[in-house]
1. Please count how many residues of the stretch 17-43 are in contact (Cβ under 8 Å) with a residue 12 or more places away in the chain and farther than 26 Å from Arg57 by Cβ.
2. How about the stretch 26-44: which of its residues are assigned to a loop (DSSP other than H, G, I, E, B) and surrounded by 14 or more Cβ atoms within 10 Å (Cβ to Cβ)?
3. Please identify the pairs in which a residue from the stretch 45-56 that is under 10 Å from Arg8 (Cβ atoms) and part of a helix (DSSP H, G or I) has its Cβ atom under 6 Å from the Cβ atom of a residue that is among the basic types (Lys, Arg) and open to solvent by 60 Å² or more (accessible area, probe 1.4 Å), counting only partners at least 6 apart or on another chain.
4. If you scan the stretch 1-16, which residues turn out to be open to solvent by less than 80 Å² (accessible area, probe 1.4 Å), without any contact (Cβ under 8 Å) to a residue 12 or more places away in the chain and in a helix (DSSP H, G or I)?
5. Tell me yes or no: at least one residue of the stretch 18-25 is surrounded by 10 or more Cβ atoms within 10 Å (Cβ to Cβ), at pLDDT below 95, in contact with a helix residue (DSSP H, G or I) (Cβ under 8 Å, 6 or more places away or on another chain) and part of a loop (DSSP other than H, G, I, E, B).
Amino acid sequence: MGGLIGRRPLFFLACAVICALLIAPTPAEFRWVNLTMIGLALFWAVMLSAEELARRRRRSRTRRRTPPPEPEPEPEGEPAVPSAR
């Protein structure tokens, strides 16, 4: 996820735009359906964007907190990989 906004919020944003474009050809008695769908699509676009931003923030915070792994001590005695003879 390299972009600023993911696919799911963009999908719902596109749905809201399509519903807005369909307001003009919709009969007056059914325009409330388009307006309701625009509101619902915008709601989900905002909620999913907030979720992705929170997830990215949490991931970056956990990456900074975890210390690098310590190297394992080598066993004494014979080497771990036998030499070819």
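The values are calculated or read from the model by the stated rules, or taken from the named source; none is laboratory data. Computed from a predicted structure; not experimentally measured. Every residue, glycine as well, gets a Cβ built from its backbone with ideal geometry; the counts of neighbours run over all protein chains shown. Please note that ligands, DNA and RNA were not included when accessible areas were found on the heavy atoms of the full protein model with its side chains. Shrake-Rupley method; radii C 1.70, N 1.55, O 1.52, S 1.80 Å.
1. Of the residues in the stretch 17-43, 8 are in contact (Cβ under 8 Å) with a residue 12 or more places away in the chain and farther than 26 Å from Arg57 by Cβ.
2. Restricting attention to the stretch 26-44, the residues satisfying the condition of being assigned to a loop (DSSP other than H, G, I, E, B) are 26-27.
The one that is assigned to a loop (DSSP other than H, G, I, E, B) and surrounded by 14 or more Cβ atoms within 10 Å (Cβ to Cβ): Thr26.
3. Leu48/Arg8
4. Within the stretch 1-16, the subset open to solvent by less than 80 Å² (accessible area, probe 1.4 Å) is 3, 5-6, 9, 12-16.
Still in the running and without any contact (Cβ under 8 Å) to a residue 12 or more places away in the chain: 3, 14.
Correct list: Ala14 only.
5. Taking every residue of the stretch 18-25 in turn, none turns out to be surrounded by 10 or more Cβ atoms within 10 Å (Cβ to Cβ), at pLDDT below 95, in contact with a helix residue (DSSP H, G or I) (Cβ under 8 Å, 6 or more places away or on another chain) and part of a loop (DSSP other than H, G, I, E, B).
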